[in-house]
1. Looking at region 17-35, is at least one residue outside any helix (DSSP H, G or I) and surrounded by fewer than 17 Cβ atoms within 10 Å (Cβ to Cβ)?
2. Check region 35-55 and report whether any residue there is touching a strand residue (DSSP E or B) at 6+ places or on another chain (Cβ under 9 Å) and in contact (Cβ under 8 Å) with a residue 12 or more places away in the chain.
3. Taking region 35-53 as the region of interest, how many residues are under 17 Å from A101 (Cα atoms) and not β-branched (V, I, T)?
4. Do we have V62 as under 28 Å from D27 (Cα atoms) and modelled with pLDDT of 95 or more here?
5. Would you tally the residues in region 56-67 being surrounded by 18 or more Cβ atoms within 10 Å (Cβ to Cβ) and either free of Cβ contacts under 8 Å to residues at least 40 places away in the same chain or not in a helix (DSSP H, G or I) (or both)?
6. Give the residue that is surrounded by the most Cβ atoms within 10 Å (Cβ to Cβ), with candidates limited to residues of region 68-107 that are within 20 Å of K37 (Cβ to Cβ) and in contact with a Lys or Arg (Cβ under 7 Å, 6 or more places away or on another chain).
Amino acid sequence: MVTTKMQAQAPLRSLDQRMEALKRANDIRVRRARLKKDLKDGEAQIESILLDPPEYVSTAKVFDMLMAVPKFGRVKAARLLNQCRISQSKTVGGLSERQRAELIGLFNR
């Protein structure tokens, strides 16, 4: 008896839909890169981004945003997230109110 495995296939999309999705993804990447540069230069504050994140940041990892903050490296960012009981894979938009408040509180110390 031979069993064949059906592979899940993504629905077909038109060229216009793919190009629009690509355009949106590129726009988000550019805006996030600009935001990370602003964080590095001190022109943006991580607290305000965490408190009221722009829509293009909502799917970004909190860990990646912390890494853009001056004087924050992998170890310090991981320690801060661990202290707040937040996974390194958590997105900015996926933070609970408790996690958001605790993280902002640690920055304001």
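1. We begin by selecting, within region 17-35, every residue outside any helix (DSSP H, G or I); these are none.
Within region 17-35 (the criterion being outside any helix (DSSP H, G or I) and surrounded by fewer than 17 Cβ atoms within 10 Å (Cβ to Cβ)), the answer is no, since none of the residues qualifies.
2. Applying the first criterion (touching a strand residue (DSSP E or B) at 6+ places or on another chain (Cβ under 9 Å)) to region 35-55 yields none.
No, there is no match, as no residue in region 35-55 is touching a strand residue (DSSP E or B) at 6+ places or on another chain (Cβ under 9 Å) and in contact (Cβ under 8 Å) with a residue 12 or more places away in the chain.
3. Result for region 35-53: 7.
4. The answer is yes for V62.
5. The total comes to 5.
6. Once the filter is applied, the top-ranked residue is A68.
The values are calculated or read from the model by the stated rules, or taken from the named source; none is laboratory data. The model shown is predicted, which means the values in this text are computed figures rather than measured ones. Quick reminder, even Gly has a Cβ in these numbers, built from the backbone with ideal geometry, and neighbours come from all protein chains shown.
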